[in-house]
Structure formats: C-alpha cells, structure tokens
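Values quoted throughout were computed directly from the atomic coordinates according to the rules given, and no laboratory measurement underlies them. No experiment lies behind these values; they were computed from the predicted model shown. Backbone-built Cβ (ideal geometry, glycine too); neighbour counts: all protein chains shown.
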Amino acid sequence: MKPVQVVAVTGGKGGVGKTNVSVNLSLALVEANKRVILMDADLGLANVDIQLGIKAEKTLAEVMKGECSLRDVLITTVGGLKVIPAASGVQSLTQLSPAENAGLIRAFSELDDQLDVLVIDTAAGISESVVSFVRASQEIIVVVCDEPSSITDAYALVKLLNRDFGIQRFRVLANMTRTPEEGRNLYNKFVRVAERFLDVTLQYAGDVPWDEAVRKSAQRQKATLETYPSSKAAIAYRKLAQEVLDWPINRQASGRLEFFVERLLMSDSAD
C-alpha cells in the first residue's frame, strides 16, 4: 500500500498565520493532483471551518463515541480537498478510553485508500494535544514571523520536542515576510539560537510574503488560492507544496495511516 505523508503545521505562538498556511498548502497539494485531507487539530478553538466557510455537522467527537465513521465527518470542499473538522468537545486525546483509541485507529485506517497527504493544523501553544499530533507526524513545519515572541515560542516548542522526545529535524517556514531576504534572515536567526543549544537540524522551507490578498480572503472566509490564485502568497503556497512533495516519505511502519494514529495515541502513554 502506498505510504501516506503526514505533515504537521505548528508554530508555538498564535497569530503567525499557521491555519492560513495549512489551508492553502492543502489546496496547493490538491492542485498538484494529490488526494489530501486537512485535519483541524485545534481541539479548543477550531478555525479551519471558518477559514473555508464550511459548517461541520459532525466532528471527531462523534467518531470517538462510535456514533459515525470518519467518512461521515469528512467535508469535501474547494477542488476536492477533504477536511476533518476539529472535535471541540474532546479536550485531550490522552484521556481516551482503550475502546476509543481502537475506534480512532480503525477510523483512520478506513481512509488509507483515498489519501496521499494528511495535513495537521495544530493548535497554538505547546499543550499535550499539540505535542501528541506533532510527534506522530513525519514532517514538522514550524511557522515563524518577524516578531520576537514568534521566535521565542517556536524555540520553546522545538526545545520541548527535542529534549523530551528526541525529535531532531524540523522545517522552518517564514511567514508574512516583506522580502525573501527577511525570510532567510529570520531562519538564520532561529538556527543560530536552536543549533547552539539543541541537538537539532533545521531546514528552510521557504517564505510566504506579506500579502493583502491573504487578509481579504480571510474576511471572505475563503482560501487565498481560491480567491486570489495569482497573488504573491498563492504562488508561495504552491512553491511550498512542491517542496513538500519533494520530501522523501518516511516509510517506517509502512507509512500507513493507522500507524500515525497509533503513534499519536502512544505518545503520552509511552513516557
């Protein structure tokens, strides 16, 4: 079975444009003829549905209770992108019963045959839930912008994942940059601090320029790729999608989706 690429988009801090990146990256991957599911993993403040102007009737909460299958909660949106809406009622995946754990693994394994890339939009901060989703993913995109608190919070997240869980490789995306040089400088600044104190490898995933089109799209509850497909930001999102497709897929545990969920659920019990 073809392995699935699982990519977590995270950042430590709120307000860095993480959900915009997740939504538009997912759509750019769909444009590249990939079958993509975008999972809103912000269990407290779901906002992927708001960004895409969709209304969720059912969420992961109902799947975990056994009231419906994961296919029932999938919402197909722009261009065929499928979205798993966040389960705001489920505060922590670490508190699920063994039956709920098994149900979640079964639910995700149903999707293996219709998926190339799973994009996880994590919550802000470094809560248990964020750490669990990031640890279970094969690729981690850390979104930073040119604010001291953005670098500080991203560093705190990378430090936690590296020191406590041995994660060593991270991709850094500079968002809302004024020039490509600003993006590269931001990355270099982050690298200088992180690689001095931590045993990590940070790889530059490029930059997304500051673009009024992103704000206007958000106001209209639509993705930038949909409303302003020729904008500077849209072009950057497509370039990022191409980068993601060039990353080698980690084939450990055959790369099947249930292994992502098993890692997700084991991440706390193992410690």
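Data table
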| quantity | calculated |
| --- | --- |
| Hydrodynamic radius of the chain per Kirkwood, over alpha carbon pairs, in Å | 18.5 Å |
| Distance from segment 1-45 to segment 156-191 (C-alpha centre basis), Å | 17 Å |
| ³J(HN,Hα), Karplus 6.51/-1.76/1.60, whole Hz, each residue of segment 74-85, x for Gly, Pro | 4, 10, 8, 10, 2, x, x, 4, 9, 10, 9, x |
| 15 Å cut-off, amide nitrogen to a point 7 angstrom out along Ile50 Cα→Cβ, residues in segment 9-37 | 14-21, 23 |
| Summed side-chain charge close to Gln114 - residues other than Gln114 whose Cβ falls under 12 Å, Lys, Arg +1, Asp, Glu -1 | +1 |
| Net dipole in debye of segment 134-250 [+1 Lys, Arg Cβ; -1 Asp, Glu Cβ; about Cα centre; nearest 20] | 120 debye |
| Fewest-first sequence of Asp42, Asp246 by Cβ atoms within 10 Å of each Cβ | Asp246, Asp42 |
| Selected from Cys145, Leu264, Thr177, residue furthest toward positive end of dipole (the chain; charges at beta carbon) | Thr177 |
| FRET efficiency, Glu212 to Gln242 (Cβ-Cβ, R0 35 Å, nearest 0.05) | 0.90 |
| 18 Å reach of a label modelled at Arg178, 7 Å along Cα-to-Cβ, counting backbone N of segment 203-238 | 207-213, 233 |
| Backbone HN-Hα couplings from phi across segment 126-136 [Karplus 6.51/-1.76/1.60, Hz, Gly and Pro as x] | 10, 6, 4, 4, 4, 4, 4, 5, 5, 5, 7 |
| Nearest-20 debye value, the chain charge dipole, Cβ charges on Lys, Arg, Asp, Glu | 560 debye |
| Members of Lys18/Lys159; Lys18/Lys222; Lys34/Lys189; Lys34/Lys82; Lys13/Lys82 lying beyond 23 Å, as alpha-carbon distances in this model show | Lys34/Lys189; Lys13/Lys82 |
| Per-residue ³J(HN,Hα) for segment 169-178, Karplus 6.51 cos²θ - 1.76 cosθ + 1.60, θ = phi - 60°, Hz, x for Gly and Pro | 10, 9, 9, 10, 10, 8, 10, 6, 7, 8 |
| Residue-averaged 222 nm ellipticity for the chain, from DSSP H runs of 4+ at -39500 (n - 2.57), nearest 500 | -13500 deg cm²/dmol |
| Computed label-point distance, nm, for sites Gln168 and Lys2 using a 7 Å Cα→Cβ extension | 3.1 nm |
| Approximate spin-label separation Gln221-Arg106, in nm, with each point projected 7 Å along Cα-to-Cβ | 3.5 nm |
| Built amide H within the under 5 Å cut-off of Val143, gap 5+ | Thr10, Gly11, Leu173 |
| Gain on full stretching of the segment that runs from Ala61 to Leu160 - 0.36 nm per residue minus C-alpha separation | 32.8 nm |
